[in-house]
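See structure below.
Read the figures in this text as sums done on the coordinates, not as results from a lab. Predicted model only: the values in this text are computed from it and were never measured. Virtual Cβ from ideal backbone geometry, glycine too; neighbours counted across all protein chains shown.
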Amino acid sequence: MIVRNIEGASAFPFAETKNFAPRKLTVKMPPLDQSTIERRATIAEDLRRIVGKESVLDSESERRPYESDGLAAYRALPLLVVLPQTTAQIASILGYCHTNRIKVVPRGSGTSLSGGALPLEDAILLGTARMSRILEVDAHNRIARVQPGVPNIKVTEAVKSLGLCYMPDPSSQAIATVGGNVAENSGGVHCLKYGVTSNHVCGLEAVLITGEIIRIGGAFMGAADGEFDLASVLIGSEGLLAVVTEISVRLTPEPPVARVISLGFRSVEDASRCVGGLIASGIVPAGLEFMDRRVIDAVASMLGELHPPEVQAILLCELDGIEIEVDTLIERVGEMTKQFSPAEVRISKSDAERELLWRGRKVAFGAMGKIARDVYVTDGTIPRAQLPEILRRVDSLSKNYGLEYANCFHAGDGNLHPMVLFDSAKPGDLEKAEAFGADILRACVDLGGVLSGEHGVGIEKRDLMTYQFRAIDLSQQQYLKCAFDPQEMLNPGKVFPTHCGCVRTGRLPTGNGDPRFAGVPRF
Ligand SMILES: Cc1cc2nc3c(=O)[nH]c(=O)nc-3n(C[C@H](O)[C@H](O)[C@H](O)COP(=O)(O)OP(=O)(O)OC[C@H]3O[C@@H](n4cnc5c(N)ncnc54)[C@H](O)[C@@H]3O)c2cc1C
């Protein structure tokens with residue numbers, strides 16, 4: 001485990017958009033509001049009146065487990081942890097916080113790898129863990145209505161007997177919540193063929209920072225004609241715009257047959273060229289995952305040796321559909337990939353064999369703990385044709401920084417997760433890992449890709465946003481923040497490297513009790 005204290009700077013220190021090109025990830029947060037910290041006991045009492053005594057965690061030992069998320073390098077003790085059970089309670093909490101100018105950080109299960117759920121010492125941490133009910137399953141319309149704290153896997157478990165499933169499947173799905181998935185627009189192994197979270201959400205209920213409840217879309221709607229597609233605005237907004245309190249998700253019939261072909265290559269280059277070749281051939285696998293030799297070794301230390309030593313990289317290619325279609329696709333993949341001379345080809349003939357082939361991939365992230373003291377998982381996306389080039393660049397950066405890395409990622413989507421291996425006990429290693437990770441993300445942008453594939457921006461990529469976006473691109477996004485939360489009370493200090501536009505320029509109302517848009521002519 002690694003610990004880095006958050007710098008509570010005396011002035012809001014984020015650089016202005018124009019000249020900002022930091023060399024490494026720095027974690028400077030908005031200045032702490034001492035008056036809020038001094039009112040902690042009163043705030044706790046007031047919140048207890050809303051949610052009940054047991055739902056406000058106040059003591060240090062109760063708050064400590066919430067001090068970080070999946071980006072464990074950064075920690076801060078939340079002011080208080082509040083665990084509401086209903087939308088009405090969330091509305092009252094946010095209304096109270098808005099009136100009393102208290103910041104709020106929403107949290108699902110805290111598996112974010114970009115620091116999105118990192119607490120602030122002057123903000124309450126609003127957890128959805130107790131809102132974990134599946135409210136309705138409508139098999140006829142293939143919709144489920146769920147609370148935000150439902151772990152992703154529970155949705156599929158609830159509808160499996162109906163032959164249905166919830167397709168988005170982040171590798172963290174046993175723990176990560178649907179609310180967190182919505183906030184991060186999460187992906188997963190099967191998102192190559194079926195799409196990410198935004199493709200499977202048709203309605204949302206959310207609470208604004210003012211405590212007002214909004215409903216968007218619904219069981220039968222995506223973005224209907226004549227309606228702004230606000231669901232798409234909220235999905236992926238990382239807790240900066242509103243707290244999601246209910247989600248209507250699309251259910252998908254489970255494919256009747258799924259088979260995996262595991263291809264072992266003698267070089268990373270061959271495996272990465274094969275990805276581009278496969279996709280270009282028109283075949284759309286249900287999943288196409290890549291693991292390099294370091295990951296294979298880590299997995300072997302848990303499960304035993306699964307592949308011969310000459311295999312330097314594995315591609316796991318899943319194909320699904322009706323039987324005859326899957327058989328044909330498996331044959332085509334086998335034929336097509338011969339040109340890359342795989343050293344090992346294994347094809348599952350039963351569900352049990354399929355599970356076996358996937359097992360290594362499923363334990364891969366956990367297995368890294370066997371070979372490294374600390375692991376920093378990065379997440380950038382590149383056009384698939386650039387896969388061989390980005391892997392070459394990661395390798396050369398690794399030599400420059402003197403740090404090892406391992407690769408295990410959603411190859412079919414071009415979504416990389418190079419894992420930087422380091423030892424936080426060694427002075428300077430964490431800083432090197434941060435700089436290495438930032439250079440990988442810059443390389444993704446240089447090759448025509450983007451900073452994030454699925455883990456979001458959070459604090460991890462916040463200061464790199466100006467590397468991908470121009471000032472105008474960023475400020476248009478920030479005006480949306482202004483429209484929802486002009487005083488920056490929801491999840492402040494995340495995603496954007498500067499204050500949002502309305503605070504900077506005073507061009508939009510601040511919501512300080514002023515008549516909204518006074519002086520703006522009405523239609
Ligand atoms: C081992 C491992 C594997 C992973 N694999 C994947 C993967 O394959 N694909 C992938 O996309 N991600 C993956 N992740 C990242 C992570 O699991 C996802 O981002 C997930 O969606 C986070 O869900 P959570 O409930 O833990 O949310 P949290 O981490 O608690 O929060 C994430 C963000 O969502 C906000 N938020 C949470 N709930 C709400 C709400 N109700 N309303 C508004 N905002 C909210 C938070 O403020 C924060 O910004 C992985 C993480 C780990 C540790």
Could you tell me whether the range 120-134 includes any residue that is touching an Asp or Glu at 6+ places or on another chain (Cβ under 7 Å) and either farther than 30 Å from Glu38 by Cα or not charged (D, E, K, R) (or both)? no
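Tell me, please, whether a residue that is away from the ligand (no atom under 15 Å from the Cβ), under 18 Å from Val182 (Cα atoms) and outside any loop (DSSP other than H, G, I, E, B) can be found in the range 119-134.
Looking for residues that are away from the ligand (no atom under 15 Å from the Cβ), under 18 Å from Val182 (Cα atoms) and outside any loop (DSSP other than H, G, I, E, B), one finds at least one in the range 119-134, hence yes.
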Picking from Pro308, Pro342, the residue that is surrounded by fewer than 16 Cβ atoms within 10 Å (Cβ to Cβ) and outside any helix (DSSP H, G or I) would be Pro308
Ala174 is checked against (1) near the ligand (Cβ under 10 Å from one of its atoms); (2) on the phi > 0 side of the Ramachandran plot and fails just one. What number does that condition carry? (2)
Take the conditions touching a Pro at 6+ places or on another chain (Cβ under 8 Å) and surrounded by 20 or more Cβ atoms within 10 Å (Cβ to Cβ) and apply them to Asn415. Does it pass? no
Residue pairs within 8 Å by beta carbon, gap of at least six or interchain, first lying in the range 31-58 and touching a residue at least 12 places away in the same chain (Cβ under 8 Å) and farther than 18 Å from Leu77 by Cβ, second buried (at least 16 other Cβ atoms within 10 Å of the Cβ) and among the β-branched types (Val, Ile, Thr), listed first then second, are Ile50/Ile93; Val51/Val82; Val51/Ile93; Ser55/Val82
Scanning the range 69-113 for residues that are closer than 26 Å to Val420 by Cα and more than 10 Å from the ligand (Cβ to nearest atom) gives Ala73, Tyr74, Arg75, Ala76
Using the structure shown, decide if Ile324 is without any contact (Cβ under 8 Å) to a residue 24 or more places away in the chain and part of a helix (DSSP H, G or I). yes
Filter the range 231-283 down to residues that are crowded, with 17+ Cβ neighbours inside 10 Å and among the basic types (Lys, Arg) and give me whichever is farthest from the ligand (Cβ to nearest atom). Arg273
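For the range 205-215, indicate whether the set of residues that are within 8 Å of the ligand (Cβ to nearest atom), closer than 27 Å to Gly414 by Cα and buried (at least 19 other Cβ atoms within 10 Å of the Cβ) is non-empty.
No, every residue in the range 205-215 fails to be within 8 Å of the ligand (Cβ to nearest atom), closer than 27 Å to Gly414 by Cα and buried (at least 19 other Cβ atoms within 10 Å of the Cβ).
Take the conditions in a helix (DSSP H, G or I), closer than 19 Å to Asn415 by Cα and touching a residue at least 60 places away in the same chain (Cβ under 8 Å) and apply them to Val295. Does it pass?
On the way: in a helix (DSSP H, G or I): yes; closer than 19 Å to Asn415 by Cα: yes; touching a residue at least 60 places away in the same chain (Cβ under 8 Å): yes.
Yes.
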